[in-house]
Structures are given as C-alpha cells and as structure tokens.
Amino acid sequence: MISNLFSLLSLLVFYKLTLKLFSERIVFLSTLFLAFYPSSIFISAVYPESLLIFLIFLTFYCLIERKLFLASIFAGLATLTKITEVFLSIPFSFYNEFNG
C-alpha cells in the first residue's frame, strides 16, 4: 500500500518536474510511459524503489526550483534508502559549477 502511494506521488512529482523543462504534450506522454513501462512493476512492488524514485524526483525538482536546502535533504534521504544514491551529489556539483 505504501509503495503504491509513493509510486503515485512519484508520477506526480515527475509530471511537475518535466513540466518545467518540456511542453505539456511531451510531459503527458513521458509520464504515461513511465507509469506503464513494463519495468515499472518494481516501482509499485514492495521494494524501496518507489520511495527512492520519489526522493530522486523531488531532489531534481528542488534543484530546478533553486531550493538547495530541500534538495540536499531529499538527496540525503535517498542515500539512506539505498547507499548507491550517494552519487546524487554529482548534480549538486554541476549545479554549483554552472550557477555560481
């Protein structure tokens, strides 16, 4: 149940994130593809992937919105979910490099 909730929230955040970057038609289609892609069964299964995807999307959304403190918190929570997400620090270095 919780995995399905985070899966749905992930789709909503993904929609809002891509809406900042692309046209509404592309955003709608990409969200639809994400929702019905065959491998997306792992997002809704009882694994930490739904929470992880949600936190990753929130991290990038906050980066685009220039809310670095919130992005750092979400990236830290994603790292606590799975240690391999420590590489979420790479977008922060690019952000600081190109946005001063």
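For the stretch 40-47, indicate whether the set of residues that are in contact with a Phe, Trp or Tyr (Cβ under 9 Å, 6 or more places away or on another chain), closer than 23 Å to Phe92 by Cβ and not acidic (Asp, Glu) is non-empty.
Within the stretch 40-47, none of the residues are in contact with a Phe, Trp or Tyr (Cβ under 9 Å, 6 or more places away or on another chain), closer than 23 Å to Phe92 by Cβ and not acidic (Asp, Glu).
Restricting attention to helices (runs of 4 or more DSSP H) lying wholly within the chain, give those where 3 or more residues are in contact (Cβ under 8 Å) with a residue 24 or more places away in the chain.
2-19, 49-64, 68-81, 89-99
Let's see how each residue does on (1) of a type in the set (Ser, Thr, Tyr); (2) at pLDDT below 90; (3) buried (at least 17 other Cβ atoms within 10 Å of the Cβ); (4) out of contact with any helix residue (DSSP H, G or I) (no Cβ under 8 Å at 6 or more places or on another chain):
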residue	(1), (2), (3), (4)
Phe6	no, no, yes, no
Lys20	no, no, no, no
Tyr37	yes, yes, no, yes
Leu55	no, no, yes, no
Asn96	no, yes, no, yes
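Which of (1) over 24 Å from Asn4 (Cα atoms); (2) modelled with pLDDT under 85 is the odd one out, the single condition Glu85 does not satisfy?
Result: Glu85 fails condition (1) only.
What tally of residues in the stretch 65-82 results from selecting those that are out of contact with any Leu (no Cβ under 7 Å at 6 or more places or on another chain) and over 16 Å from Ser93 (Cβ atoms)?
6
Go through the stretch 57-87 residue by residue and tally those that are buried (at least 21 other Cβ atoms within 10 Å of the Cβ) and touching an Asp or Glu at 6+ places or on another chain (Cβ under 8 Å).
Total meeting the criteria: 2.
The values are calculated or read from the model by the stated rules, or taken from the named source; none is laboratory data. Everything numeric in this text was worked out from a predicted model, so none of it was measured. Glycine gets a Cβ as well: all are built from the backbone with ideal geometry, and neighbour counts include every protein chain shown.
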